[in-house]
Amino acid sequence: MDVRPSQQMRDLGVVQHGAGILAEPARAFNLPAERDEAERIVDELFAAMERIGQVHPFAKGMGIAAPQVGIARAAAVVHPPSDAPAIILLNPVITARSDEVDEQYEGCLSFFDVRGLVSRPLKITVETTALTGETVTTVYERGLARLIHHEIDHLDGFLYTTRMRTGVEPIPVEEYRQTGRAWAYE
């Protein structure tokens, strides 16, 4: 019997669409005072990524936000599509975005049965908080900007469907695979 992708993610501990925690802004960390808590949550995110990566290949990169594992805190981890090290986002805020955008299909571990066409800026500037409490500013471009933006949306209580054009609906993953436009999270 085939298991639907969303059921597979649920079985791996990923909170699914419809859960209230996915629609609420996550609580920021007070760093460095909450350093131990932040490190524990980041470790949980890495463990979840490891479990998920065992059953689904993510050639284009992947990310997971704390609310997706049932923790309402402002932490996310993004694994770039290359061998680059993972990116840890604590208290991330997008401070600038390019006017230039592109529209690509995205998927989400919290409703993995569908993919949606989402417009996002090609370049974003993000401020995060280091474990030591310092603010760090980083510029991300193209695919990495898309991945980071998607995870920050989770921390703000938004799913990618809120960024889709009016009248455009997500399509079943089987139909998406036939489009030849595989992109994020696939």
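The values are calculated or read from the model by the stated rules, or taken from the named source; none is laboratory data. As the structure is a computational prediction, the values presented were derived from the model and not from experiment. When we count neighbours, we look across all protein chains shown, and the Cβ atoms used for this are built from the backbone with ideal geometry, even at glycine. These area figures cover heavy atoms from the full protein model, side chains too; ligands, DNA and RNA do not enter into them. Shrake-Rupley method; radii C 1.70, N 1.55, O 1.52, S 1.80 Å.
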Cβ pairs under 6 Å, 6+ apart or interchain, first in the range 104-121 and within 17 Å of residue 174 (Cα to Cα), second surrounded by fewer than 20 Cβ atoms within 10 Å (Cβ to Cβ) and of a type in the set (Lys, Arg), ordered by first then second residue, are 105/181; 113/4
Which ones in the range 125-151 are within 25 Å of residue 34 (Cα to Cα) and hydroxyl-bearing (Ser, Thr, Tyr)? 125, 128, 129, 132, 135, 137, 138
Residue 110, sole failed condition from (1) farther than 21 Å from residue 10 by Cβ; (2) among the small types (Gly, Ala, Ser); (3) part of a helix (DSSP H, G or I): (1)
What residue, among those in the range 8-22 that are open to solvent by less than 70 Å² (accessible area, probe 1.4 Å) and not in a loop (DSSP other than H, G, I, E, B), is farthest from residue 45 (Cα to Cα)? 20
Could you count how many residues in the range 139-162 are free of Cβ contacts under 8 Å to residues at least 24 places away in the same chain, open to solvent by less than 50 Å² (accessible area, probe 1.4 Å) and over 11 Å from residue 22 (Cβ atoms)? 1
Being assigned to a helix (DSSP H, G or I) and touching a Lys or Arg at 6+ places or on another chain (Cβ under 9 Å) narrows it down to one of 38, 96, 47, so name that one. 38
Taking the range 113-138 and keeping only residues that are open to solvent by less than 40 Å² (accessible area, probe 1.4 Å) and part of a strand (DSSP E or B), one is left with 114, 115, 116, 117, 118, 120, 121, 124, 125, 126, 128, 129
Residues of the range 1-36 being in contact with a strand residue (DSSP E or B) (Cβ under 7 Å, 6 or more places away or on another chain) and touching a residue at least 60 places away in the same chain (Cβ under 8 Å), in sequence order, are 26, 29, 31
Restricting attention to the range 75-91, which residues are more than 12 Å from the chain's Cα centre (by Cα) and within 12 Å of residue 151 (Cβ to Cβ)? 86, 90
